[in-house]
Amino acid sequence: MIKIQKLVKKMGNKMILRNLDLEVKNGETIAVLGPNGAGKSTLLKVIATLYKPTSGKVMIHGIDLNENLNKIREKTGYLPHASLLYEHFSPLENLEFFGKLYGVKDLEKRSKELIKQVGLAFFMNEPVKGFSRGMIQRVAIARAIIHNPLLLLLDEPHTGLDQKAVGILNDVVETNKQKGMTTLMVTHDFKQAATLCDRAIIIQRGIVSDDFPIEVRTEEWLLNKYNEKVGGEN
Amino acid sequence: MSFFKNEEELGLNLNTRTTLVNHIVYGIAFAMILVSAYLIFIYSNIEKTMGAVQKIFYVHVGTAWNALLAFGVVFVCSILYLATKKRIYDVYATVAAEIGVVFIIIVMLTGPIWARSAWNVWWSWEPKLTSALILFFIYIAYTMIRFMDGSWDKKARLCAVFGIIGFIDVPIVYFASEWWGSKFHPTVVGQEGGGLEGNMVFALVFTVFAFSFFLTALIHKGVRIEKARIELQHMKDKIAEKIGR
Amino acid sequence: MSILRNALTIAGKDLRAERKSKQVLPTMLVFAVLVIVVFSFAFDPDKESTKALIPGLIWIVSIFSAILGLNRSFISELKNDNIQGMIIAPVNSISIFLGKFFANFVMILIVQAIAIPMLFLLFDYQFNGSLPWLLLTIFTGTFGFVGIGSFLSAIASNSGISEMLLPLLLFPIATPALIGIVSATKIILRHPDQIEKAYGWLQLVGGYDIIFFGICIVLFDYILEV
């Protein structure tokens, strides 16, 4: 699914990713952990094709990043910090706009289905402007999976969400996992990471410093494992 | 030394020591400027109608051509930067644009002084002047992009794009203003204020070349300063990384 | 084909957003009319000599109000990083440029369709030249500076002071188009008998349009890249 070799990304004078290697198999759900500024979001942005790597080899869906970007983009969904939504548009209009760019078939049906799935059927035609953070994030996740991607990239999806929104978000990830979707999730929320993910990688100073399966699905176990590695640095 | 190695990958050799080449370039430029001063003030004839004021013409034309040459360097380096993403081309473009702006300011200052004595007006919407003015504004805009906030690679990209567009615009501006001037303006202006005598032409051509060498020396110096600045920044970053965190 | 289809989707999105928010177009319109009003204070509309200013006035009004719209074009995409949503979609970056261009072009044509007749009205100007020629001129000129303007607005949007930066970038680069288009308009309005000269100017502006539109399409990728 994803194969990264010696990935380097520099932003200005700062070297953010330093010869990072990573391999992800089909259908895995991976938590990307690490201290602030370690390069987690940058890694996600490179995989989402938003950032161009400075050097290194990145293969996604078996396609080289330098080869055919749009082929990769068709099969990748990305949910960053920002919602990427247009404020004056309703959820339906937002989904229809992005769906059109992805060339989704039966767009209206698919959009309405997704909006119902994230529990916003009642607000389908209201402008996003007045929505709470939780509601916006639910529309944003629907946007990210509008085209049924094979790979889903989530950047701290649980931040600032209430219990209900967390539940809905986890449901969406869980359902798509059943369908075989690969998920990469950058997070500081160990509880959600432990419940949703099968594997965790820790990124420190621009490289993968640890990579292990989540054997015990509890917050404490994961936190211990994390502190062992990262220790005082945070 | 991982940072330095990586900089080399980006095509930036941070060796800033003075080499023999530096001395030769500076030496030639210095000598040529001296000789051209001699040619301008002593060797060439004093123009009959305008008198000594005409001598500013040599500096005016010399800087004008080389301002254009500097922006040509910006143009070429911009294309090379976008094609290779090597920082060295951005450094050259930065320096060449800065010097080009200084040169074009000299052009805009000397032009009216000459025009006043040749045409009896400070300013005329003559094609060359109009184009020079627009050129001046284009590279002021270029400099404004340089002053943006953000990382060097973002600025390098945007500047390169604008550097290309700006330079392509110049001949079109010239063509348009020439056409415009000829159709809608009374010709107040005689060409060049009369013919030049032989030794004047020689002085003029020599001055243009002298300024070209001067430009080269300035770019050379500017690039070294810019490299030193980058190296200093790297050292600061490394120290910050060691003690900071 | 998909490039054009996506471009139209993006343009449609922009125009739809404008129809809902009603922020940019009304502002442009009011501004255009205000400029006309200020001009009628500055130059006595009753005087015959003022009529000579009308060709220039058309373009001053167009460009100044266009700058307002162009400024918003890419800034509006930054609020929720919307532009990233378009970049990560399987869309050629040319589509993003074209989409933005179409939307800006339509909005500015709407402003011109209202402001130019109003200009004629307020300055009591009797137009008896060739209307198709005038329309063609307005179309060609607007195409030119909206094309390069959309492009430069993308550059300027990277700056903290983009509203101030855009005019500085746009005016010098658009100079050839402006010279050509004002000259052509002048001929059409004031010397209808010399129409073939206007044709020459239109060719110049048309050439400018093609060259710079081409350059914009080639280079736009570099502006979006991170």
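The values are calculated or read from the model by the stated rules, or taken from the named source; none is laboratory data. Since we're looking at a predicted model, the values are computed, not measured. Cβ sites come from the backbone with ideal geometry, for glycine too, and all protein chains shown count toward neighbours.
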- Message: On the basis of being touching a strand residue (DSSP E or B) at 6+ places or on another chain (Cβ under 8 Å), modelled with pLDDT under 90 and either buried (at least 22 other Cβ atoms within 10 Å of the Cβ) or assigned to a loop (DSSP other than H, G, I, E, B) (or both), does A:Gly27 make the cut?
- Response: yes
- Message: Between a residue in region B:111-128 that is touching a residue at least 12 places away in the same chain (Cβ under 8 Å) and any residue that is of a type in the set (S, T, N, Q), which pairs come within a Cβ distance under 7 Å, given they are 6 or more apart or on different chains?
- Response: B:Ala115/B:Ser124; B:Pro127/B:Ser177
- Out of all the residues in region A:30-60, which are assigned to a loop (DSSP other than H, G, I, E, B), within 12 Å of another protein chain (Cβ to nearest Cβ) and not hydroxyl-bearing (Ser, Thr, Tyr)? A:Pro35, A:Asn36, A:Gly37, A:Ala38, A:Ala48, A:Leu50, A:Lys52, A:Pro53
- Query: List the pairs whose first member sits in region A:127-140 and is within 13 Å of another protein chain (Cβ to nearest Cβ), whose second member is crowded, with 20+ Cβ neighbours inside 10 Å and among the small types (Gly, Ala, Ser), and whose Cβ atoms are under 8 Å apart, counting only residues at least 6 apart or on separate chains?
  - Reply: A:Pro127/A:Ser90; A:Val128/A:Ser83; A:Val128/A:Ser90; A:Ile136/A:Ser83; A:Gln137/A:Ser83; A:Gln137/A:Ala165; A:Val139/A:Ser83; A:Ala140/A:Ser83
- Can you confirm whether region A:59-71 contains a residue that is surrounded by fewer than 22 Cβ atoms within 10 Å (Cβ to Cβ), under 25 Å from A:Ala194 (Cα atoms), of a type in the set (Val, Ile, Thr) and in the same structural domain as A:Asn176 (by TED's automatic domain parsing)? no
- Item | Qualifying helices (runs of 4 or more DSSP H) (wholly inside region A:66-120; at least 3 residues being at the interface with another protein chain (Cβ under 7 Å from one of its Cβ atoms) and hydrophobic (A, V, I, L, M, F, W, C)) | A:91-101
- Item | Verdict on C:Gln126 being of a type outside the set (A, V, I, L, M), free of Cβ contacts under 8 Å to residues at least 60 places away in the same chain and closer than 25 Å to B:Pro127 by Cβ | no
- Message: Between B:Phe162, B:Phe175, which is surrounded by fewer than 20 Cβ atoms within 10 Å (Cβ to Cβ), assigned to a helix (DSSP H, G or I) and within 11 Å of another protein chain (Cβ to nearest Cβ)?
- Response: B:Phe175
- Query: Checking B:Arg17 against (1) surrounded by fewer than 20 Cβ atoms within 10 Å (Cβ to Cβ); (2) at pLDDT 85 or above, which single condition isn't satisfied?
  - Reply: (2)
- Query: Can you name the condition, by its number, that C:Ser157 falls short on among (1) among the hydroxyl-bearing types (Ser, Thr, Tyr); (2) within 14 Å of another protein chain (Cβ to nearest Cβ); (3) buried (at least 24 other Cβ atoms within 10 Å of the Cβ)?
  - Reply: (3)
- Within the bounds of region C:179-186, is there any residue that is surrounded by 21 or more Cβ atoms within 10 Å (Cβ to Cβ), within 26 Å of C:Ala7 (Cβ to Cβ) and touching a Phe, Trp or Tyr at 6+ places or on another chain (Cβ under 8 Å)? yes
- Scan region B:224-245 and report the pairs whose first residue is away from chain A (no Cβ under 13 Å) and whose second residue is modelled with pLDDT of 85 or more, with Cβ atoms within less than 9 Å and a gap of 6+ or a chain change. B:Ile225/B:Val95; B:Glu226/B:Val91; B:Glu226/B:Tyr92; B:Glu226/B:Thr94; B:Glu226/B:Val95; B:Lys227/B:Ile88; B:Lys227/B:Val91
- Here is a list of conditions, (1) out of contact with any Pro (no Cβ under 8 Å at 6 or more places or on another chain); (2) closer than 18 Å to C:Pro172 by Cα; (3) of a type outside the set (Asp, Glu), and B:Ile138 meets all of them except one; can you say which number that is? (1)
- Message: Can you find a residue that is within 8 Å of another protein chain (Cβ to nearest Cβ), surrounded by 16 or more Cβ atoms within 10 Å (Cβ to Cβ), touching a helix residue (DSSP H, G or I) at 6+ places or on another chain (Cβ under 6 Å) and aliphatic (A, V, I, L, M) anywhere in region C:192-210?
- Response: yes
- Members of region B:139-152 that are without any contact (Cβ under 8 Å) to a residue 60 or more places away in the chain and at the interface with another protein chain (Cβ under 9 Å from one of its Cβ atoms): B:Ile140, B:Ala141, B:Met144, B:Ile145, B:Phe147, B:Met148, B:Asp149, B:Gly150, B:Ser151
- Name the pairs whose Cβ atoms lie under 8 Å apart, with the first residue in region A:33-50 and in contact (Cβ under 8 Å) with a residue 12 or more places away in the chain, the second crowded, with 22+ Cβ neighbours inside 10 Å and among the small types (Gly, Ala, Ser), and 6 or more positions between them or separate chains? A:Leu33/A:Ala193; A:Leu33/A:Ala200; A:Ala38/A:Gly206; A:Gly39/A:Gly206; A:Lys40/A:Gly34
- Whichever residue in region C:53-101 is free of Cβ contacts under 8 Å to residues at least 40 places away in the same chain and of a type outside the set (A, V, I, L, M) and, among such residues, is farthest from the other protein chains (Cβ to nearest Cβ): C:Phe64
- Message: Looking at C:Leu98, C:Leu68, C:Leu57, C:Leu131 in this structure, which one is over 27 Å from C:Ile215 (Cα atoms) and surrounded by 16 or more Cβ atoms within 10 Å (Cβ to Cβ)?
- Response: C:Leu57
